[in-house]
Amino acid sequence: MEWLPLPNKTNKTTPIVLLPKPTSTPLKPDTWQKSNITKNWLFKFGPLLVLGLVVLVWGLSLPAINPRHMDDLGLLRIFPLSIYAALAVLLISFGFMVYRLETHPSILMLYVIVLIFIIHGTPTLVYGTLRYSWAWKHIGIIDYIERFGTVDPNINVLNAYHNWPGFFTLNAFITQAAGLEDPLRIAMWAPVFFNLIDLGALLLIFTSFTKDKTLIWLAIFIYYLTSWVGQDYYSPQALNYFLHLVILGVALRWARLAVPPSPRKLKRWFRFNWVAIVIYKFLRRSNRGQLLTTDSPPLNRLTIVTIVILLGGTIASSHQITPFMTIMALAALVIFQRIKERSLPIIMIVLTFGWLMFGATAFMRHEVTEIITSFGQITENVDSNLRDTSEASPGQQLVSKMGRGLTLLTWGLAFLGGGRRFRWGYWDLSIALLAVAPFMILAGNSYGGEAIFRVYLFSLPFMAFFVAALLRPHPRLSASFLTFMITILICGTLLTGFLFAYFGKEQQYYFTPQEVEAGAFLQNIAKPNSLLIEGSRNYPSRFHNYEYFTYVAISREPDDSLMNVVNQPIKTLSRWMDNPDYTAAYLIITRSQKMEVDSLGEMPLGSLDKIEQALTRSPQFQVIFENQDAKIFTLADQIDNIKP
Amino acid sequence: MILAKKWPLIIIVSAVLVGFMAYTNIESPIRSILTIGFILICPGMALVQFMRLKEPIIELTLAIALSIGISTVLSEVMALGKIWTPEIGLAALIILSIGGAIVQIVQMNNQQTLVNESKIHSDK
C-alpha cells in the first residue's frame, strides 16, 4: 500500500514530497477491545450469530405488520417493537464490529446487506403490491414499448419518458426475454436491487480514497442511514444514479492524477506567474494523504474512455438530470487536476447534448422556453422544491421536518467531518468537490420541484464519507469506548431521522390489491379517447393502454375549479364528463387518493369522501366498479360506452 | 481468484441454458431468474474479465454496469430503429458473452502454457 506523506497533528511541518508511507507501522489494537478476548470463538462467530438473530427477529415481525393500519406517520406506528429492536441490535453490533481490526470486510458487508433488506425489503414483503404511483406509470411506458415495439417522442402524456427511453427499453427487453407477462415482480424488488448494486459502486469510490476499512464501511453504513429521498424505486433515476457512481469510481480509481502539473505548465493558463505558483502549491498540498495505488491493476486510457462512453451514453439517453450531474462532477475533477483523463467531461458533454439535439428533439421543442427561463434563477428553483407543509396533517408536518432536519444534520456533520480530516492533514479535495458539485444544478432548473432532492442524493456518498471521517479521521487513531458511543449516538440519530423521512409517507405510497384491481378494471373497460377523472394522481394508474386516455386530477385543478368540484360535485363533474370530445368519461376515487389529499392538505379535509358520497346518491351517476378501497363512476347515460 | 477462473465457464453454461429456455419458450420462474441474472451480469463480465481485477465486488459491480450499458444500448437500437425483436437481442447478448468467455479461456490456456514452459526452462 502506498500513501502520500501525512503529517499528524503534532508534526505539521512535514515536507511535501512523494514518499511511500512506512508499511510496517503497526496499527494499535483498540484499547477497549482486549486482544485476548478476540480468541474466544464467540468473537469469531458472534457477528454472524447476531446477524442471524436480527434476520430471524425481522422475519418473524413481518406477519404482524398490517399496512391497512397505517396512519399519517406511515409505517412508523405499525412497525412492531421487535423491528426497532432488530435495527438497534444491528446498529450497535455494526458499531462494535467496524472498529475491530480483526473484523473481515465480508462481515461488515453482510451487515450492510441485512440493513438494506430490512429497510428496502420490508415494504415489498409486507405490501405484496408495487408501491409509489410513479412506479406504476413506469410500468405503463414499458407496456407501451411491449405493445408497439417502439416509443413515440411526440406523445401527449408522459412524453419525457419517450424522449429518454433507455430505462424503459431495457426493462421491456428484460421482461420479454425472461418470458414475463409484465415487469411488476421486477419492479417490486427494484429498491433492494438498486441499493445492493449501489453498494458495489460506493466500494469502488471509497476504496479509491482510502484503505482504512473502518472508514470505508462506516461511510457506507452512514450512506444507507441517510439515503432518505426515495429515488431508489423502479425508475430511470435509480438506474442512472448507479451508472453515475460507477463512472466516478472508474475516474477516481484509474484516471486519477497523482502529481499536479508543474508550475511551468500552469503558467500557460494564467496571466500572472504568482497565480500559477499559488495554484501549484495548493494542488500539491491537496494531494497529501491521497491513496496512490489500489489492489487492482491499472486500466489503459482506451478502456477507461470506452467504459465512460458506454455508461455515459446510457445515462444521456435514459435520464434528463443525471448527465448534467456527471458532467459537473467530472468537470470539477478535471478543473482541479484530480484526474488526468481530461476528455471524460467532454465526452459526457458531447453525449448529453448530442442526445438533446438528436434524440430528444420532440421534447426540447416544447420545453426549451421553460428551460431557458428558469436557468440562473437559483432562488426560485430552490423555493419551488420546498413544499408548503402548513396545510398538511400534523404527522406529515413532522415527517417533512424530520426529512429536512436529517438533510441539514447530514450536511452539518459532513462539514465537521471534513474539518476534522483537514486538521489531521487530509485535504480530501476530490471528495469535497464531488460533494459540492451537485449544488450547481440548482442554477439550471427546478426539475419539476425535485432538484434539491437530487442535489442531496448525488452529494450523499461524499457527505457520508465526511460524516464517517468525523468519527474516524485517521486510520492510526485507535477507537476508544467514547468513539464507539459517539458512533452509536450519531448513527442512532441518523437512523431515527431516516425512519421518519423514509417510512413516514408510506400511507400514500402503499396501494391495496383492491386499488390495483380497480386501476386495472378501469384501463381494461375504458374505450380509447376516454376522459379519466381522478381524485388525485396517487393510485395505480397508467400502467396499461395508458396512451388511450386523457387524465384530469381533481387535486391538481386551479383553486377556483377545485372548489367548484368540492362545493358542487354533481353539477361540475357531470359537465366535465358530458364532453363530446371524449368517447366516454369515468371518475375514479380510491383509498390512497384520499390519504394523499388529506394528509398533504391538497384539498379540504374529507373532500374526496364528500364527492364520492354525493355521486353515489345522484341518479346522474352510475357506479360501474366498487370494492372496499375504490369506486369508479360514469354518467348514467354513458353506461353503454363501457368496453365489453 | 478461484471465481475469476470459473467465470468463463459460468458465462457459457448460463448462456446455453438461457438460450435453450428462451428458444424452446419454457415458462418457468427459473427461466425468468436465470435470464434476468444473465442479462444483468454475463455480457459485462465477459468483458470485465479482460481487466484482470483482483477485487471480486468491484469486478461484479463493473460487470453489472457494463451489462446494463450494453443491454440498454441494444434495446434502444431495437426500439428506435423499429426492429423490436427481444429474441434477436438476447441472441446477440448470448453470442457476445460466449465469445468473450471463449477468448478468455484461450488466453488462460496460453498463459498456463507459458507458465509451464518457463517452469521447464527454469528446471533445466
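The values are calculated or read from the model by the stated rules, or taken from the named source; none is laboratory data. Since we're looking at a predicted model, the values are computed, not measured. We place every Cβ from the backbone using ideal geometry, glycine too, and count neighbours over all the protein chains shown.
May I ask you to verify whether A:Pro580 is free of Cβ contacts under 8 Å to residues at least 24 places away in the same chain and assigned to a loop (DSSP other than H, G, I, E, B)?
Details: free of Cβ contacts under 8 Å to residues at least 24 places away in the same chain: yes; assigned to a loop (DSSP other than H, G, I, E, B): yes.
Considered against the rule, which asks whether it is free of Cβ contacts under 8 Å to residues at least 24 places away in the same chain and assigned to a loop (DSSP other than H, G, I, E, B), A:Pro580 comes out as yes.
How many residues, within the stretch B:69-124, are surrounded by 14 or more Cβ atoms within 10 Å (Cβ to Cβ), more than 30 Å from A:Ala172 (Cβ to Cβ) and charged (D, E, K, R)?
Adding up the residues that qualify gives 0.
Does A:Thr550 qualify as being polar (S, T, N, Q) and within 30 Å of A:Pro80 (Cβ to Cβ)?
No, not satisfied.
Looking at (1) touching a Leu at 6+ places or on another chain (Cβ under 6 Å); (2) loosely packed, with under 15 Cβ neighbours inside 10 Å, which is the only condition B:Val18 fails?
The one condition B:Val18 does not meet is (2).
List every residue pair whose Cβ atoms lie under 8 Å apart, where the two residues are 6 or more positions apart in sequence or sit on different chains, the first residue falls within the stretch A:390-409 and is in a helix (DSSP H, G or I), and the second residue, located anywhere, is basic (Lys, Arg).
Close Cβ pairs satisfying both conditions: A:Gln396/A:Lys505; A:Val399/A:Lys505; A:Ser400/A:Arg387.
So, in the stretch B:59-88, how many residues would count as being more than 8 Å from every other protein chain (Cβ to nearest Cβ) and assigned to a helix (DSSP H, G or I)?
Residues that pass the stated criteria total 5.
In this structure, does B:Gly37 turn out to be in a helix (DSSP H, G or I) and under 27 Å from A:Ala190 (Cβ atoms)?
Working: in a helix (DSSP H, G or I): yes; under 27 Å from A:Ala190 (Cβ atoms): yes.
Against the criterion (in a helix (DSSP H, G or I) and under 27 Å from A:Ala190 (Cβ atoms)), B:Gly37 qualifies.
Output the residues belonging to the stretch A:333-347 that are more than 14 Å from every other protein chain (Cβ to nearest Cβ), part of a helix (DSSP H, G or I) and either over 27 Å from A:Lys281 (Cβ atoms) or in contact (Cβ under 8 Å) with a residue 12 or more places away in the chain (or both). Don't jump to the end; show me each part of the working.
Restricting attention to the stretch A:333-347, the residues satisfying the condition of being more than 14 Å from every other protein chain (Cβ to nearest Cβ) are A:333-346.
Keeping just the survivors that are part of a helix (DSSP H, G or I) gives A:333-335, A:343-346.
A:Leu333, A:Ser343, A:Leu344, A:Pro345, A:Ile346 - these are the residues of the stretch A:333-347 that are more than 14 Å from every other protein chain (Cβ to nearest Cβ), part of a helix (DSSP H, G or I) and either over 27 Å from A:Lys281 (Cβ atoms) or in contact (Cβ under 8 Å) with a residue 12 or more places away in the chain (or both).
Looking for whichever is more than 7 Å from every other protein chain (Cβ to nearest Cβ) and touching a residue at least 24 places away in the same chain (Cβ under 8 Å) here; the options are B:Leu17, B:Leu9. Which one fits?
Values: B:Leu17 fails: touching a residue at least 24 places away in the same chain (Cβ under 8 Å).
Testing whether each residue is more than 7 Å from every other protein chain (Cβ to nearest Cβ) and touching a residue at least 24 places away in the same chain (Cβ under 8 Å) leaves just B:Leu9.
When the stretch A:259-290 is examined, which residues are found to be surrounded by fewer than 17 Cβ atoms within 10 Å (Cβ to Cβ), among the polar types (S, T, N, Q) and assigned to a helix (DSSP H, G or I)?
A:Asn273
Inspect all residues belonging to the stretch B:112-123 and state whether any of them is within 8 Å of chain A (Cβ to nearest Cβ) and without any contact (Cβ under 8 Å) to a residue 24 or more places away in the chain.
Within the stretch B:112-123, the subset within 8 Å of chain A (Cβ to nearest Cβ) is none.
For the stretch B:112-123, residues within 8 Å of chain A (Cβ to nearest Cβ) and without any contact (Cβ under 8 Å) to a residue 24 or more places away in the chain: absent.
Restrict the check to the stretch A:514-530 and report whether at least one residue is under 24 Å from the mean Cα position of the chain (by Cα) and either surrounded by 24 or more Cβ atoms within 10 Å (Cβ to Cβ) or part of a helix (DSSP H, G or I) (or both). Reasoning before the result, please.
From the stretch A:514-530, those under 24 Å from the mean Cα position of the chain (by Cα) are none; that's our starting set.
Within the stretch A:514-530 (the criterion being under 24 Å from the mean Cα position of the chain (by Cα) and either surrounded by 24 or more Cβ atoms within 10 Å (Cβ to Cβ) or part of a helix (DSSP H, G or I) (or both)), the answer is no, since none of the residues qualifies.
Using the structure shown, decide if A:Gln622 is closer than 24 Å to A:Val516 by Cα and either touching a residue at least 40 places away in the same chain (Cβ under 8 Å) or in a strand (DSSP E or B) (or both).
Working: closer than 24 Å to A:Val516 by Cα: yes; either touching a residue at least 40 places away in the same chain (Cβ under 8 Å) or in a strand (DSSP E or B) (or both): yes.
So A:Gln622 passes the test.
If a residue counts only when it is surrounded by fewer than 20 Cβ atoms within 10 Å (Cβ to Cβ) and more than 9 Å from every other protein chain (Cβ to nearest Cβ), which helices (runs of 4 or more DSSP H) contained entirely in the stretch A:108-222 have at least 1 such residues?
Numbers: elements: A:122-127, A:133-148, A:159-163, A:166-177, A:184-188, A:190-209.
Output list reads A:122-127, A:133-148, A:159-163, A:184-188, A:190-209.
Would you confirm whether any residue within the stretch A:74-91 is in a helix (DSSP H, G or I), under 20 Å from A:Lys213 (Cα atoms) and within 14 Å of another protein chain (Cβ to nearest Cβ)?
Among the residues of the stretch A:74-91, not one is in a helix (DSSP H, G or I), under 20 Å from A:Lys213 (Cα atoms) and within 14 Å of another protein chain (Cβ to nearest Cβ), which makes the answer no.
Which members of the stretch B:21-42 meet the condition of being surrounded by 11 or more Cβ atoms within 10 Å (Cβ to Cβ), at the interface with another protein chain (Cβ under 10 Å from one of its Cβ atoms) and farther than 17 Å from B:Pro86 by Cα?
The answer is B:Pro29, and nothing else.
Restricting the first residue to the stretch B:43-58 and requiring it to be more than 7 Å from chain A (Cβ to nearest Cβ), which pairs with a second residue that is in a loop (DSSP other than H, G, I, E, B) meet a Cβ separation below 9 Å and a spacing of at least six or different chains?
Matching pairs, first to second residue: B:Pro56/B:Met1.
Could you tell me whether A:Asn273 is modelled with pLDDT of 75 or more, more than 31 Å from the chain's Cα centre (by Cα) and within 14 Å of chain B (Cβ to nearest Cβ)?
Numbers: modelled with pLDDT of 75 or more: yes; more than 31 Å from the chain's Cα centre (by Cα): yes; within 14 Å of chain B (Cβ to nearest Cβ): no.
Considered against the rule, which asks whether it is modelled with pLDDT of 75 or more, more than 31 Å from the chain's Cα centre (by Cα) and within 14 Å of chain B (Cβ to nearest Cβ), A:Asn273 comes out as no.
For the structure I just gave you, tell me whether A:Tyr234 is crowded, with 20+ Cβ neighbours inside 10 Å, assigned to a helix (DSSP H, G or I) and aromatic (Phe, Trp, Tyr).
Numbers: crowded, with 20+ Cβ neighbours inside 10 Å: yes; assigned to a helix (DSSP H, G or I): no; aromatic (Phe, Trp, Tyr): yes.
It is false that A:Tyr234 is crowded, with 20+ Cβ neighbours inside 10 Å, assigned to a helix (DSSP H, G or I) and aromatic (Phe, Trp, Tyr).
Output the qualifying pairs, or none if there are none: Cβ atoms under 7 angstrom, residues six or more apart or on different chains, first residue in the stretch A:196-217 and closer than 24 Å to A:His120 by Cβ, second residue part of a helix (DSSP H, G or I) and among the aromatic types (Phe, Trp, Tyr).
A:Ile197/A:Phe242; A:Asp198/A:Phe242; A:Ala201/A:Phe242; A:Leu202/A:Tyr223; A:Phe206/A:Phe465; A:Ile216/A:Phe206
So B:Val16 fits all but one of (1) modelled with pLDDT under 95; (2) more than 10 Å from the chain's Cα centre (by Cα); what number is the exception?
(1)
Which pairs do you get when a residue that is away from chain B (no Cβ under 14 Å) and among the basic types (Lys, Arg), found in the stretch A:244-270, comes within reach of a residue that is surrounded by 20 or more Cβ atoms within 10 Å (Cβ to Cβ) and assigned to a loop (DSSP other than H, G, I, E, B), reach meaning Cβ atoms under 7 angstrom, with the pair 6+ apart or on two chains?
That search, which allows pairs on different chains as well, returns A:Arg256/A:Arg338.
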